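Peer 1: A single structure is presented below for examination.
The values are calculated or read from the model by the stated rules, or taken from the named source; none is laboratory data. It should be emphasised that the depicted structure is a prediction, and the values quoted were computed from it without experimental measurement. All Cβ positions, glycine included, derive from the backbone under ideal geometry; neighbour counts span all protein chains shown. With ligands, DNA and RNA removed, areas are computed over all heavy atoms of the protein, side chains included. Shrake-Rupley method; radii C 1.70, N 1.55, O 1.52, S 1.80 Å.
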Amino acid sequence: MNAQQTWPADDASPAYNYAYLDEQTKRMIRRALLKAVAVPGYQVPFGSREMPLARGWGTGGIQVTAAIIGPDDTLKVIDQGADDTTNAVSIRRFFEKTADARTTEATAEATIIQTRHRIPEAPLRAGQIMVYQVPQPEPLRKLEPREAETRKMHAWAEYGLMQVKLYENIARFGEVTTTYDYPVMINGRYIMAPSPIPKFDNPKMHMSPALQLFGAGREKRIYALPPHTSVRSLDFEDHPFRIQSWSAPCALCAATDSYLDEVVIDDQGARMFVCSDSHHCETRRAQGHRGTMLGDAATSGLVDPSPSAVIPGDRRETRDPFRNPTEQGSGMDPGSALRSARDDDAKVEAGAKS
Amino acid sequence: MTTHATFPETAYDPAPLLSVTGVSRFYGERIGCKDVSFDLWPGEVLGIVGESGSGKSTLLRCLAGIDQPDEGEVLFRGGPEPLDIYSVPEQERRRLMRTAWGIVHQNPRDGLRMDVSAGGNVGERLMDRGDRHYGAIRERALDWLSRVEIAGARIDDRPRQFSGGMQQRLQIARVLVSEPRLVFMDEPTGGLDVSVQAKLLDLLRVLVRDLGLAAIIVTHDLAVARLLTDRLMVMKDGHVVEQGLTDQVLDDPHHAYTQLLTSAVLTV
């Protein structure tokens with residue numbers, strides 16, 4: 001987080017200031033960040049700048065990252081848990097270009113993790129900074145359209161209305177159906193929108209050793225969670241908060257404790273569940289975990305076929321008979337995990353479980 | 001101002017619940033209401049009548065803590081200490097409005113959350129004060145819906161699926177669920193047809209008597225005033241021109257304007 005004030009002098013064409021934003025803007029954002037850290041959960045207004053991507057694509061997160069990044073930092077960017085989606089790749093490249101930043105896909109190696117809608121499965125550690133992209137920072141907005149009124153409600157902790165929303169859910173559906181952006185109470189004081197992360201991730205925020213920063217570019221708000229801050233998801237006494245659970249483990253890495261995306265894999269209604277955190281899934285597969293629908297590791301190109309990555313008695317042998325040779329053609333695209341899984345393994349019987 | 005006989009002294013609680021002294025509200029040059037003073041005792045229902053534009057609603061807004069009056073003070077004895085509602089912080093005033101007071105708006109749309117179910121509407125005040133047990137909240141909501149004669153089966157319907165009269169009853173349930181000591185009603189029967197009005201008035205009368213509420217009811221309907229109120233204030237051009245016991249004021253109006261008002265009532 002040590003700010004380097006200028007672009008390295010030997011650079012030929014400093015078209016932009018270091019990390020794109022000018023120093024005054026970064027100072028302004030840092031002041032907002034300091035205030036936000038001092039009052040956990042409080043939304044601090046800031047002068048959001050035009051960024052070279054559309055509002056709503058993560059401009060808030062990018063500005064926060066730009067204000068805190070330094071040459072010593074290692075940046076990881078995820079979008080819905082994945083490191084390889086367009087948005088994540090572009091933002092990573094943006095900081096490689098403008099901030100000379102090292103980037104990584106490994107959660108443990110990163111010092112700054114900019115995220116859209118997920119918290120990595122690997123536990124965060126002290127010294128790491130999470131930067132969330134936030135579309136709507138005001139948790140009460142859908143209930144109370146007046147900004148002046150919501151500010152008063154926050155100021156005086158008049159949070160009955162938020163409970164009314166949960167009541168409505170239970171009355172209509174028998175349970176709280178909010179599954180993402182699930183409102184949380186910060187430090188027993190402010191209700192905060194955790195950004196549209198699944199409620200599965202809410203418990204990870206509680207007492208996290210990492211600093212968590214939230215930037216909403218379009219709405220021009222910054223808020224923060226200092227390390228070791230209590231985060232309580234709202235609920236009723238007789239309808240306690242619960243996170244999502246799945247009946248099946250990850251189809252690729254057999255994880256049972258991670259957040260799974262449901263993927264429709266044909267037009268017959270077949271579907272698979274895979275980890276939304278792509279790096280977590282790859283790490284597990286490299287460690288030798290095998291899900292039911294993971295194809296031949298070597299041909300799929302998903303895992304390094306080096307001996308160290310293959311567990312003894314690899315199941316690949318046993319699974320080969322199930323596979324239709326015509327379907328695992330050489331024209332298969334090895335790039336995408338989901339696609340290859342579909343091509344390879346849609347026909348694999350469920351019994352071939354690791 | 002014409003004043004009839006002295007106000008009834010309530011034996012059990014001599015201290016008035018609400019003391020209003022010299023409340024004035026101006027809109028620039030124009031007078032909203034001027035120099036209004038009265039006391040309201042627990043369990044008493046005060047009516048404010050007058051023609052359109054006479055300052056009834058302005059006065060009510062001043063009393064209910066919505067609009068700050070330019071002059072005068074409003075003392076509320078909800079707790080052990082009398083509270084000047086405009087000298088306490090806004091936070092305290094809002095808390096009072098949510099717990100010790102209730103406001104029934106003329107248009108139910110102003111008082112209800114139209115996209116929240118009936119149960120949620122009734123339960124909001126309970127959740128405001130910190131109730132966090134879904135089952136208990138729902139039970140209270142059902143109880144109050146039955147008290148205002150809304151079928152329990154409709155607890156999960158939204159107010160926009162209700163008729164006008166039901167919306168108004170729902171609004172009353174929503175206000176009364178927190179057991180306020182003082183209720184402000186702005187034309188509670190306005191815009192309803194006569195038979196629905198009659199039912200609603202009946203209901204209000206029962207509730208007010210049962211709960212021992214103090215209420216201030218603004219109306220331009222003298223029949224409503226006659227039916228519901230103990231005391232009456234007649235307003236004209238922002239001034240109180242006459243006040244006294246309802247029956248006295250209506251049967252023996254002193255002020256010329258009150259005479260005009262009472263004689264203008266159609267008798268069928």
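Peer 1: Determine the distance separating the Cα centre of the range B:151-185 from the Cα centre of the range A:219-243; give it in Å without decimals.
Peer 2: Cα centroid of the range B:151-185 versus Cα centroid of the range A:219-243: 32 Å apart.
Peer 1: To continue, here is another question. Per residue, how much accessible surface does the range B:118-268 expose to a 1.4 Å probe? Answer in Å², no decimals.
Peer 2: It amounts to 41 Å² per residue over the range B:118-268.
Peer 1: Relative contact order for chain B: what percent, with Cα pairs under 8 Å and sequence separation of 6 or more?
Peer 2: 28 percent
Peer 1: Under a 5 Å amide H to amide H cut-off, with H placed in plane at 1.01 Å, what residues pair with residue A:212 once short-range neighbours are removed?
Peer 2: The answer is A:130, A:225.
Peer 1: In addition: Using only protein heavy atoms and a 1.4 angstrom probe, determine the accessible area buried between A and B, summed over both sides, in Å² to the nearest 100. Please report the intermediate quantities before stating the final value.
Peer 2: On the way: alone 16850 and 12670 Å², together 27570 Å².
What A and B bury together is about 2000 Å².
Peer 1: Which of the GluC sites (Glu not before Pro) found in the range A:172-280 are loop residues per DSSP with 11 or fewer other Cβ atoms within 10 Å of their Cβ?
Peer 2: Passing sites in the range A:172-280 are A:175, A:237.
Peer 1: Tell me, Kirkwood radius of the range B:99-229 from alpha-carbon pair distances, in Å?
Peer 2: 14.6 Å
Peer 1: Go through B:199/B:236; A:152/A:199; A:142/B:56; A:35/A:165; B:56/B:199 and tell me which ones have a Cα-Cα distance over 32 Å in this structure.
Peer 2: A:142/B:56
Peer 1: Report, by chain and number, residues whose modeled amide H sits under 5 Å from the one on residue B:47, excluding near sequence neighbours (fewer than 5 apart, same chain).
Peer 2: So residue B:47 has HN proximity to B:217, B:230, B:231, B:232, B:233.
Peer 1: Another question about this same structure. In whole percent, what relative contact order does the range B:14-111 give with Cα contacts below 8 Å and a gap of six or more residues?
Peer 2: 27 percent
Peer 1: Please check the range B:62-104 for residues whose accessible area, probe 1.4 Å, is lower by 40 Å² or more when all protein chains are in place than in their chain alone.
Peer 2: Those residues are B:90, B:91, B:94.
Peer 1: A follow-up question, please. For the ranges B:73-84, B:250-261, what's the packing order if you count other beta-carbon atoms within 10 Å of each residue, average per peptide, and put the highest first?
Peer 2: B:250-261, B:73-84
Peer 1: A follow-up question, please. Keeping the other protein chains in place, figure out the carbon and sulfur percent of the accessible area of the protein assembly as shown, with a 1.4 Å probe.
Peer 2: 52 percent
Peer 1: Then there's this: What do you get for Rg/Rh of the protein assembly as shown when both radii come from the Cα atoms and Rh is the Kirkwood radius?
Peer 2: Numbers: Rg = 32.8 Å, Rh = 29.0 Å.
When Rh is taken as the Kirkwood radius, the ratio is 1.13.
Peer 1: With a cap of 16 neighbouring Cβ atoms within 10 Å, and only residues DSSP puts in a loop, list the trypsin sites (Lys or Arg not before Pro) found in the range A:186-233.
Peer 2: Answer by residue number: A:189, A:218.
Peer 1: Something else now. So for chain B, taking the charge dipole from beta-carbon charges (+1 Lys/Arg, -1 Asp/Glu), which of B:46, B:17, B:155 sits furthest toward the positive end?
Peer 2: The listed residue farthest towards the positive side: B:155.
Peer 1: Obtain the nm distance between the two label points defined at residue A:228 and residue B:68 by a simple spin-label model: each point lies 7 Å from its Cα along the Cα-to-C-beta direction.
Peer 2: 4.3 nm
Peer 1: What list of ³J(HN,Hα) couplings, whole Hz, do you get for the range B:16-33 from phi and the Karplus terms 6.51, -1.76, 1.60, once you set θ to phi - 60° and write x for glycine and proline?
Peer 2: Karplus values, whole Hz, x for Gly and Pro: x, 6, 9, 10, 10, 10, x, 6, 10, 9, 10, 10, x, 6, 6, 8, x, 8.
Peer 1: Can you list the HN-Hα couplings for the range B:54-63, worked out from phi with the Karplus curve (6.51, -1.76, 1.60; θ = phi - 60°), rounded to whole Hz and with x for Gly and Pro?
Peer 2: Rounded to whole hertz, the list is 8, x, 4, 5, 4, 4, 4, 5, 5, 5.
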